[in-house]
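Worksheet: the structure to be examined is printed underneath.
The values are calculated or read from the model by the stated rules, or taken from the named source; none is laboratory data. What you see is a predicted model; the values in this text were computed from it and never measured. Note that we place each Cβ from the backbone using ideal geometry, even for glycine, and neighbour counts take in every protein chain shown.
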Amino acid sequence: MVGAYRMVRKLAAGGFGVVYLALDGQGQQVAIKEYLPSSLVTREVGEHVPQVPAEMQSLYRLGLRSFFEEGRSLAQIAHPSVVRVMDFFPENDTVYMVMNYLEGASLQDFILTARQLKQPKVFRESTIRSLTEEILRGLRIVHQHRMLHLDIKPANILITDDNRAVLIDFGAAREVLTKEGNFTRPMYTPGFAAPEMYRRDGLMGPWTDLYAMGACIYSCMHGFPPHEATLRVADDRSATALARLRGTYSDNLIEVVSWCMALDPLARPQSVFELQKVLSREGERRYTRLSMSEKIRLQIDTFVADTRKPADKPPAPSRKAGSPLF
């Protein structure tokens, strides 16, 4: 028992917490997320209280406070596209966030399944637009509450069994610990984190979440995530990758992805509303097919990029051991 909830089993674990399936006092299923940053604490099997080294205490408390504030902020949001926080409380020298339990599969799972079919389109454009518009409606409410998600990726978009797209796993504590702590391993998922997230002085805002939304759309079109932002600064191949999709997806959708994934934050949409307006322009949904000369140029560009000397190639994207592809 933790608080008024009976723990049933562990559902998932990450670098900043553990999620459990639990039952409330009426026997209803809930999901409970426990603040447990693996970089700062240890806990033996059978123990309830995490062990925090003395030198990590201040950083642990900072993240704990941020996690608690995140729960309090999310509890004020009631939207079908945002995970609902019903309760949050401190116990065992940590904090627990109680959320509605959702059954379904992540967008990452659907992308991995769809790309194995090896079709020209990983997802139909209508599917991508419908999913994106649904998530943007929820994200707009989040931003109106002066919150950022900071970890939007296909693994954090749940497609429920009743056919809803829901944003899960917000990253307030992750963000605080990353900026304050001296961590050596990446705290963000490569490909979905905007360039400013890698800098301690990077100014983050709605444009940061919208970079990740563009990367999610890119993944739905390609079946793979884009290159990490830090690699794109040195060698950006996203324009070539998107150009190959002309004729398969509309010019409007391709331009939206390019806009959202601009390396310069000021060159991206500055608000969800601004992005929603452009996405809703039905009259601009043109399909421009590549000419033969354009196809040849793209093939040459790809060949040259893939056959560069190893010394000239940028390093492979860094990915934390055991972390998901998306």
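Does any residue of the stretch 38-49 turn out to be among the aliphatic types (A, V, I, L, M), outside any loop (DSSP other than H, G, I, E, B) and surrounded by fewer than 16 Cβ atoms within 10 Å (Cβ to Cβ)?
No: the stretch 38-49 contains no residue that is among the aliphatic types (A, V, I, L, M), outside any loop (DSSP other than H, G, I, E, B) and surrounded by fewer than 16 Cβ atoms within 10 Å (Cβ to Cβ).
Restricting to the stretch 235-256, and then to whatever is over 24 Å from Ser271 (Cα atoms) and acidic (Asp, Glu), can you tell me which residue is surrounded by the fewest Cβ atoms within 10 Å (Cβ to Cβ)?
Top of the filtered list is Asp235.
Quick one: in the stretch 86-137, which of the residues that are among the acidic types (Asp, Glu) and within 18 Å of the chain's Cα centre (by Cα) is farthest from Val52 (Cα to Cα)?
Glu133
In the stretch 220-229, which residue that is within 18 Å of Ile135 (Cβ to Cβ) and under 15 Å from the mean Cα position of the chain (by Cα) is surrounded by the most Cβ atoms within 10 Å (Cβ to Cβ)?
The extreme case among them is Cys220.
Would you pick out the residues in the stretch 13-33 that are of a type in the set (Gly, Ala, Ser), farther than 16 Å from Gly63 by Cβ and crowded, with 19+ Cβ neighbours inside 10 Å?
Once the filter is applied, which keeps residues that are of a type in the set (Gly, Ala, Ser), farther than 16 Å from Gly63 by Cβ and crowded, with 19+ Cβ neighbours inside 10 Å, the stretch 13-33 yields Ala22, Ala31.
Before we move on, is Lys179 at negative phi, outside any helix (DSSP H, G or I) and either surrounded by fewer than 21 Cβ atoms within 10 Å (Cβ to Cβ) or at pLDDT 95 or above (or both)?
Criteria not met by Lys179.
Identify, by number, the condition in (1) touching a Leu at 6+ places or on another chain (Cβ under 8 Å); (2) assigned to a helix (DSSP H, G or I); (3) surrounded by fewer than 16 Cβ atoms within 10 Å (Cβ to Cβ) that Ile217 doesn't meet.
(3)
Going through the stretch 257-278 one residue at a time, which ones are crowded, with 18+ Cβ neighbours inside 10 Å and either modelled with pLDDT under 95 or not β-branched (Val, Ile, Thr) (or both)?
Cys260, Met261, Ala262, Pro265, Arg268, Pro269, Leu275
Checking Arg146 against (1) modelled with pLDDT under 90; (2) surrounded by 20 or more Cβ atoms within 10 Å (Cβ to Cβ); (3) not in a helix (DSSP H, G or I): exactly one of these is not met. Which one?
(2)
Among Asp236, Asp251, which is the only one that is touching a Ser or Thr at 6+ places or on another chain (Cβ under 7 Å) and more than 20 Å from Lys118 (Cα to Cα)?
Only one candidate qualifies: Asp251.
For Arg232, indicate whether it is surrounded by fewer than 22 Cβ atoms within 10 Å (Cβ to Cβ) and modelled with pLDDT under 90.
So Arg232 does not fit the description; no.
May I ask you to list the residues in the stretch 43-69 that are of a type in the set (A, V, I, L, M), over 20 Å from Ile32 (Cα atoms) and out of contact with any Asp or Glu (no Cβ under 7 Å at 6 or more places or on another chain)?
Within the stretch 43-69, Val52, Ala54, Met56 qualify.
For the stretch 253-270, give me each residue that is in contact (Cβ under 8 Å) with a residue 60 or more places away in the chain and in contact with a Phe, Trp or Tyr (Cβ under 8 Å, 6 or more places away or on another chain).
Passing the criteria: Pro265, Arg268, Pro269, Gln270.
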